[in-house]
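**Student:** Input: one structure, supplied below.
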Amino acid sequence: MYDTHLPKWFLSFRSVVDMLTNLLNVLGTLLIVAVMLLVNADVIGRVFFSAPISGVPEIVSMSIVAIVFLQVAQAFRKGRLTRTEAVLDFFEKRTPRFRQVLELMFSFAAIALIWQLFWASQPLFMKAWVRGTYEGTVGDFTAPIWPVKLIILIGCAALLVQLTLHAGTAAFRLFAKNGTQT
Amino acid sequence: MSPFEIGMASFGTMVVMVYFGLWVPIALMLSSFVGVWMIKGSPVLAGKLLALAASETISSYFFGVVPLFIMMGFIVSVTGMGRDAFDVANHVFRRIRGGLGIGTVGANAIFAAITGISIASAAVFTRIAVPEMTRHGYNKRFAVGVVAGSSVLGMLIPPSLLLILYGLLTEQSVGDLFIAGVIPGLLLAFVFCLSIFLVALIKPSLIGDKIDLKANDEDVLSTREVMSKGLPLTALIGLVLGGIYGGFFTPIEAGAIGCSGAIVIGLIRRALSFSDFREVLTDTGLVTASISFLIIAAQMYSRMLALSGVPAGFGNFVATAEIGYWGVILAYVLLVILMGTILDSSSIMLILVPLMLPVLALMQVDLIWFGIVTIIAVEIGLLTPPFGISVFVIKSSLDDPTITLGDIFIGAAPFAVLMLIVLGLVLAFPSLVTALL
């Protein structure tokens, strides 16, 4: 990494945030394993013991949302969020500063957008929490949906923090002395 | 501005931003947010649409297929089953001219039936097949070209992540799409093999100056070895694809069973260490998140488009412009291939397909057939410069600095041309797709 000209406080702040992002990532990963095991157990139960597990479709559909929002910040941090770097690399070679300007603009746009998403998702969580809405059918299987809505909020917040760090990194590089973009 | 103009403007801005390097899902969401805001005059409403799409789009049992098939693909990649496929295919083709090249294609076709990601095949076979081919006198450009070319089979022969994506996007049955991909996938593999054979027969210098045919005899496997290498592969293919086609499993169940099957095989062969498994899980999570985030974004974007009336207007325009059925389809294919030079496969599909759907409905196009056409056209982009993901993956998994990116692109070019030919055949003979349905 080209972190030489980033201030110390920024780096230590970043390492704390990255640890939290990592934690969310691990949780999401464990959830994938859990879903896999659950579906396996359901199939085995159905085929060999004619005793399927109830609520599997509901659990899978809720888990998948949780999986995605738990990992989206880490995916962004690891550069896995789909983007095309062909034009960016072109500028990097000729006018490195322009690339940082673009990165900064893109980060701001993304921050504004995810901020909107975060705010608009809050009422959905509140509604699920206050009314105690659930998935499934009463008597067979029910699960509250507020945890998933909460995870959406957590995921958006984590993504916002990572986007801010991205913007910060671009800004420090942009205003680095002598423009040494090593 | 009328909603139509707003829709067009936000579409245009979005495409420009994507080319400049804005993250694709962010670009899609941003253009939808601004588009809805301008059409409805209310940022609150636009935000609501955003939030609803985020919490509801992927909240469905069927989305379970995404992480499960990704995970299965990664597990079989680390457990050495690619090596097995390569050994078995070479055993079969060892007597034929250009046998190692044909064997690589064959191995990719087998491997494609247990994995759904092209980049997985490209990475695995770069490490296995390229050294083997160069050792036997094939030239390096050809060796990397074969690997790049045949890696696209991963997305066409089921299971395939792109087919799953397309199915989720167009509400078509993933099972039907999987069946539809079989014949075009095998046809493509056959065309690759036939061309390699013909070149080896007519102008062998093109694929290697000093291919020693004798050396292939050292690869002869005993019947027992063929069995022990082939059996796990056959079992896994039978379990997953047989399970889906036989109606025993839903695609989600097949994915989960396939994962545990691959884990069991890996453990029995002691090829799956704990650190491998952790890496597999991490990669699965990150790929799942980025793909699903794209799907959420595409959902918002298609709602915005529907609200603006652009697809309907586009449909009317096409209907009245009298460029006709073939005009539309060919223009679409051309556009997909052009975008494929810069963008990645899933982004192109998510951007273009929602725009095309109303037009297709108007022309009564078979959406399953259209899906296969889209996949082949999109996959040509994996091989074309300046941005060909398969080629990049091969370059990064290669320990040979003498092979440049340019070499790989040149080596892959003939295979891109062959893909165009197969695409033409699928366009001309839709029954290639629908025969098994």
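**Student:** In terms of the Cα gyration tensor, with a ≥ b ≥ c the square roots of its eigenvalues, is the range B:175-326 rounded because a/c is under 1.5, prolate because a/b exceeds b/c, or oblate?
**Tutor:** Cα axes put the range B:175-326 in the oblate bin.
**Student:** Quick one: B:T79, B:T434, fewest Cβ neighbours within 10 Å first, how do they rank?
**Tutor:** On the way: B:T79 23, B:T434 16.
Least to most surrounded, the residues fall as B:T434, B:T79.
**Student:** With an 8 Å cut-off on Cα pairs and a minimum separation of 6 or more residues, tell me the relative contact order of the range B:196-332 in percent.
**Tutor:** 9
**Student:** On average, how many beta carbons from a partner chain sit within 10 Å of the beta carbon of a residue in A:102-109?
**Tutor:** Mean number of neighbouring Cβ atoms from other chains: 3.
**Student:** Then there's this: Please report B:M155, A:M19 as a ranked list, fewest other C-beta atoms within 10 angstrom at the top and most at the bottom. Please report the intermediate quantities before stating the final value.
**Tutor:** Working: B:M155 29, A:M19 9.
With the fewest neighbours first, B:M155, A:M19 line up as A:M19, B:M155.
**Student:** First check a/c for the range B:230-312, with a ≥ b ≥ c the square roots of the eigenvalues of its C-alpha gyration tensor; if it is under 1.5, answer rounded, and if not, answer prolate when a/b is larger than b/c or oblate otherwise. Walk me through the intermediate numbers first.
**Tutor:** On the way: a/c = 4.66, a/b = 1.83, b/c = 2.55.
Cα axes put the range B:230-312 in the oblate bin.
**Student:** Another one. How large are Rg and Dmax for the range B:101-162 when calculated on the C-alpha trace, in angstrom?
**Tutor:** 11.0, 35
**Student:** Sum up the lysine pairs in chain A that clear both bars: alpha-carbon distance under 28 Å and a spacing of 8 or more or different chains.
**Tutor:** Value for chain A: 8.
**Student:** Show me, bin by bin at 10 Å from 0, the whole-percent P(r) of the range B:1-150 based on Cα pairs.
**Tutor:** The calculated distribution, bin by bin, is 10, 26, 19, 17, 17, 10, 2, 0.
**Student:** If you take each beta carbon of peptide A:70-80 and count the beta carbons of other chains within 10 angstrom, what is the mean? Could the numbers behind the result be given before it?
**Tutor:** On the way: counts 2, 11, 8, 1, 4, 9, 7, 1, 5, 3, 8.
Taking the mean over all residues of the peptide, I get 5.
**Student:** Determine the calculated [θ] at 222 nm for chain B from helices alone, applying -39500 (n - 2.57) to every DSSP H run no shorter than 4 residues and normalising by the residue count; nearest 500 deg cm²/dmol.
**Tutor:** -25000 deg cm²/dmol
**Student:** From the P(r) of the range B:303-342, could you give the percentage of C-alpha pairs in the tail past 14 Å?
**Tutor:** Distances greater than 14 Å cover 59 percent of the Cα pairs.
**Student:** Across the residues of B:52-60, average count of Cβ atoms on other protein chains within 10 Å? Before the final figure, lay out the partial values.
**Tutor:** On the way: counts 3, 1, 12, 13, 3, 2, 6, 12, 5.
Taking the mean over all residues of the peptide, I get 6.
**Student:** Which three extents, in angstrom, do the Cα atoms of the protein assembly as shown have along their principal axes, listed largest first?
**Tutor:** Taking the Cα atoms of the protein assembly as shown, the three principal extents are 72, 66, 63 Å.
**Student:** Here's a follow-up. Would you mind computing Rg(Cα) / (2.2 N^0.38 Å) for the range A:85-177, counting N as its residues?
**Tutor:** Cα-based Rg divided by the globular estimate yields 1.62.
**Student:** Also, quick follow-up: Need one number for chain A: average projected area of the convex hull over its C-alpha atoms, nm².
**Tutor:** Values: hull surface 53.8 nm².
For the Cα atoms of chain A, the hull's average projected area reads 13.4 nm².
**Student:** Over the Cα atoms of chain B, how large are the radius of gyration and the largest Cα-Cα distance (Dmax), in Å?
**Tutor:** Reported Rg and Dmax, both Å: 22.2, 75.
**Student:** Related question: R0 = 41 Å: FRET efficiency of B:E171 with A:F90, Cβ-based, nearest 0.05?
**Tutor:** Step by step, r from the Cβ atoms, then E = 0.60.
**Student:** Also, I was wondering about something else. I'd like the distance between the alpha-carbon centres of the range A:82-114 and the range B:125-197, rounded to an integer number of Å.
**Tutor:** If you average the Cα positions of each part, the centres end up 33 Å apart.
Bear in mind these aren't lab numbers, they're just calculated from the coordinates by the rules spelled out. Everything quoted here is computed from the prediction, not taken from an experiment. A quick note on method: Cβ atoms are made from the backbone with ideal geometry, for glycine too, and the neighbour counts reach across all protein chains shown.
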